[in-house]
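Remarks on the structure that follows.
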Amino acid sequence: MEISAEKTKIMTYCKESSKKEIKVNGQILESVRNFKYLGSIISDEGSKPEILSRIAQTIVALTKLKPIWNNKNIAISSKIRLLRSLVMSIFLYACESWTLNADTERRIRATEMRCYRRLLSISHKEHITNEEVRQRIENAIGPHVDLLTIVRQRKLKWYGHTTRSSGLAKTIMQGTVNRGRRRGRQKKRWEDNIKESTGLELRNTLRIAEDREEWEAVVGRSSMRPDGSQI
């Protein structure tokens, strides 16, 4: 294999900027803060730039399909299926790698509501609550899993799949760095989302994930309503 110095970039994921130079065939590699790999943005800021990019792409796709949303001859249930296959699929690409926090979760919920309001042709001037929008969607297709829950479930499924594997992804996911964490409030980590979604400590999730059926039951419970009923 030959490394192309022109196409190769360096990104350091640490608070202090790196001053070291790395050369390939005598050429200094460019140091960047983010780059695109397989359609996803890898950034030293974490998952937020990629999520914002996915939201922007989702809105563009939603706008292009305006004639469909405004067509009164198409049933709402059919429009929702088109929304999921042509719009939501763009947003969900590689969501398994995202680290979610309160801000990004709020943005995901807002994006979903924006899609539904456009689908239902609800003007921003109309005083219709999000709860009423959800009720209209549920009346059209029945109980369904919201967008944020889908993201969480995909993360859990990938976690279980990787835990049962023996490849490099498992080594990276379960690997640790021999270094203490900085003082003050810590940034949320990817594995913190797993703990929040399951309500379990990581040592327990690792054990349960080894059993496919048991882990699928854990993933299923993550989509339950507060009253304990299944969505």
- Counting DSSP beta bridges in the chain, what percent are antiparallel, to the nearest 5? 80
- Computed ³J(HN,Hα) along the stretch 70-82: with the Karplus parameters 6.51/-1.76/1.60, θ = phi - 60°, integer Hz and x for glycine or proline, the list is 8, 7, 6, 7, 9, 5, 4, 4, 5, 5, 5, 5, 5
- Message: I need His161, His127 ordered by Cβ neighbour count within 10 Å, fewest first.
- Response: His127, His161
- Item | Under-5 Å amide H pairs with Val24, H placed in peptide plane, nonlocal only | Leu29
- Relative contact order of the stretch 46-144: what whole-number percent is it, with Cα pairs under 8 angstrom and at least 6 residues apart? 38
- Query: If you count, for each residue, the other Cβ atoms within 10 Å and average over each peptide, how do 138-149, 38-49 line up from highest to lowest?
  - Reply: 38-49, 138-149
- Task: Enter the angle in degrees (range 0 to 90, nearest 10) between the Cα long axis of helix 102-119 and the first principal axis of the Cα atoms of the chain, meaning the one along which they spread out most.
- Result: 40
- Message: Nearest 5 percent is fine: what portion of the DSSP beta bridges confined to the stretch 1-130 is antiparallel?
- Response: 75
- Item | For the stretch 108-142 versus the stretch 31-93, the gap between their alpha-carbon centres in whole angstrom | 17
- Angle between the Cα long axis of helix 147-163 and the longest principal axis of the chain, 0 to 90 degrees, nearest 10? 40
- Item | Helix-only [θ]222 nm of the chain, DSSP H runs n ≥ 4, -39500 (n - 2.57) each, per residue, nearest 500 | -14500 deg cm²/dmol
- Using only Cα positions of the stretch 46-144, each an equal point scatterer, no hydration layer, compute I(q)/I(0) via Debye at q = 0.13, 0.15, 0.16 Å⁻¹ and quote the log10 values to two decimals. -0.47, -0.63, -0.71
- Task: Counting residues in the chain as N, plug N into 2.2 N^0.38 Å and put the Cα Rg over that result.
- Result: 1.21
- Note on the structure: So the angle from the long Cα axis of helix 48-64 to the longest Cα principal axis of the chain, reported in degrees to the nearest 10, equals 40
- Binning at 5 Å from 0, report for the stretch 25-85 what percent of all alpha-carbon pair distances ends up in each bin. 4, 14, 17, 14, 12, 10, 9, 8, 5, 3, 2, 1, 1
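Every number in this text was worked out from the coordinates using simple rules, so none of it is lab data. Source: prediction; values computed, not measured. As a convention, Cβ positions derive from the backbone with ideal geometry for all residues, glycine included, and neighbour counts pool all protein chains shown.
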